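**Q** Let me begin by handing over the structure; questions about it come next.
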Amino acid sequence: MSGYHNAKSDSEEDLYKILGLDRSASADEIRKAYKELSRIHHPDKGGDEEMFKKVNRANEILSDPEKRQTYDVTGSVQEGGGFPGGFPFPFPFGGGGGGFHMNVDINDLFGNMFGGGVKRKVRKSKGNNKTQELPLSLNDFYHGKQIQIELGRQVFCDICHGDGCMNWKTCDTCKGVGVRETMIQMGPGMMAINRGPCTACQGEGRSKGANCTTCDQKGVVSQPKVIEVNVKPGSSAGDILTFEGMCSDEIGYEKPGDLLFRLVEADEDLDVKREGMNLRSKFTLSLSESLLGCKRDVKHHPAHKDGYTFDIPVGIQSGETMRIKGKGMPGPKGPEGPGGSFGDLLVTITVVASESEKKSLETHKAILQSIFM
Ligand SMILES: [Zn+2]
Ligand SMILES: [Zn+2]
């Protein structure tokens, strides 16, 4: 019997092999394998484009119950469906034999690939979580922020509870059995019975009755909701704030998934940068400023609206880093309460002597020698 599986055309590789699965793979296993492989072979991520196409084609067929069954039986799926010009099946009975007529149940030939019976879709308990980036300024991270966000949520319709219809009726096509048998011409003088899920009701054995007008058959209605995102002082990029069950209701799931906000640093052009709990800034001084000491301003310090002015001591050297205690970010526990603390401000100094300073050194060499020696 194994010979029948060679039915696929030469140009098409075994779709199961492409996804690394065997023929009994569940829909879930197919979905997982596809997700994994399409990520590995994605051309944008340096993958092989040819392989990527194959993986996509394999998934397209194997994730569609109808196409998959056709593929399982025939070894190929022709675009546009159906089998134009006969059955693409190199049957061993053929070859000039005087056309005999027989009915073959494909399911008997290839094992029971389709069990039959009503297959009602079961709602999964919880929808997928969604993560959204929330860009924040240095100021927001320092002081914390309350942000009102309006979610364009969809929730299950109160009237039909997600069905999209007021009632259900028995499927006319399969009379509620969920199974449909069709005759397929397999070759000259030979018919096969193809037993598969009823295409009219997707094997559910029932079809929708009167439309629900409240949700216009969609099963969900729009219900925007405003939530307040509370960013605590001292929060960090990468922190995640979770809002349980705040995603939209989705058909096929009992409950909506969680909505997650991931904090990220907004694009800002500042003279100070965060490094964990510390802040870092850098300044370039002239030679005279470094010798005599001077003042500088961190313009964008988040704790000082008009800038933070600090003293640079006499004789600071190029490459030196000053540490100003407590002028960094609030710690993870926030600025107040037990364990509350701040990081430090780190200022790195570069000293560059100007041309006029160099000239003046030459001119006053004798005086400087008298001072330093
Ligand atoms: Zn409804
Ligand atoms: Zn049906």
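The values are calculated or read from the model by the stated rules, or taken from the named source; none is laboratory data. Model, not experiment: these values are computed from the prediction. Every residue, glycine among them, receives a Cβ derived from its backbone with ideal geometry; neighbour counts consider all protein chains shown.
**Q** Limited to the stretch 268-325, what total is found for residues that are part of a loop (DSSP other than H, G, I, E, B) and crowded, with 18+ Cβ neighbours inside 10 Å?
**A** Qualifying residue count for the region: 6.
**Q** Please enumerate the residues belonging to the stretch 195-223 that are assigned to a strand (DSSP E or B) and surrounded by fewer than 14 Cβ atoms within 10 Å (Cβ to Cβ).
**A** Asn211, Ser222
Yes or no, residue by residue, for (1) at pLDDT 90 or above; (2) among the basic types (Lys, Arg); (3) assigned by TED's automatic domain parsing to the domain that holds His301:
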| site | (1), (2), (3) |
| --- | --- |
| Glu320 | yes, no, yes |
| Lys327 | yes, yes, yes |
| Pro332 | no, no, yes |
| Thr350 | yes, no, yes |
| Ser360 | yes, no, yes |
| His364 | yes, no, yes |
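**Q** While we're looking at this one, here's another question. State whether one or more residues within the stretch 187-194 are part of a loop (DSSP other than H, G, I, E, B), among the small types (Gly, Ala, Ser), surrounded by fewer than 17 Cβ atoms within 10 Å (Cβ to Cβ) and modelled with pLDDT under 85.
**A** Scanning the stretch 187-194 turns up at least one residue that is part of a loop (DSSP other than H, G, I, E, B), among the small types (Gly, Ala, Ser), surrounded by fewer than 17 Cβ atoms within 10 Å (Cβ to Cβ) and modelled with pLDDT under 85.
**Q** Okay, next question. Is there a residue in the stretch 211-226 that is within 16 Å of ligand 2 (Cβ to nearest atom) and at pLDDT 85 or above?
**A** No; the residues of the stretch 211-226 include none that is within 16 Å of ligand 2 (Cβ to nearest atom) and at pLDDT 85 or above.
**Q** Right, Gly203: out of contact with any strand residue (DSSP E or B) (no Cβ under 8 Å at 6 or more places or on another chain) and away from ligand 1 (no atom under 16 Å from the Cβ) or not?
**A** no
**Q** Report the residue count in the stretch 145-175 for those that are away from ligand 1 (no atom under 16 Å from the Cβ) and surrounded by fewer than 17 Cβ atoms within 10 Å (Cβ to Cβ).
**A** 12
**Q** With the condition kept exactly as written, say whether any residue in the stretch 246-255 is away from ligand 1 (no atom under 16 Å from the Cβ) and either touching a helix residue (DSSP H, G or I) at 6+ places or on another chain (Cβ under 7 Å) or charged (D, E, K, R) (or both).
**A** yes
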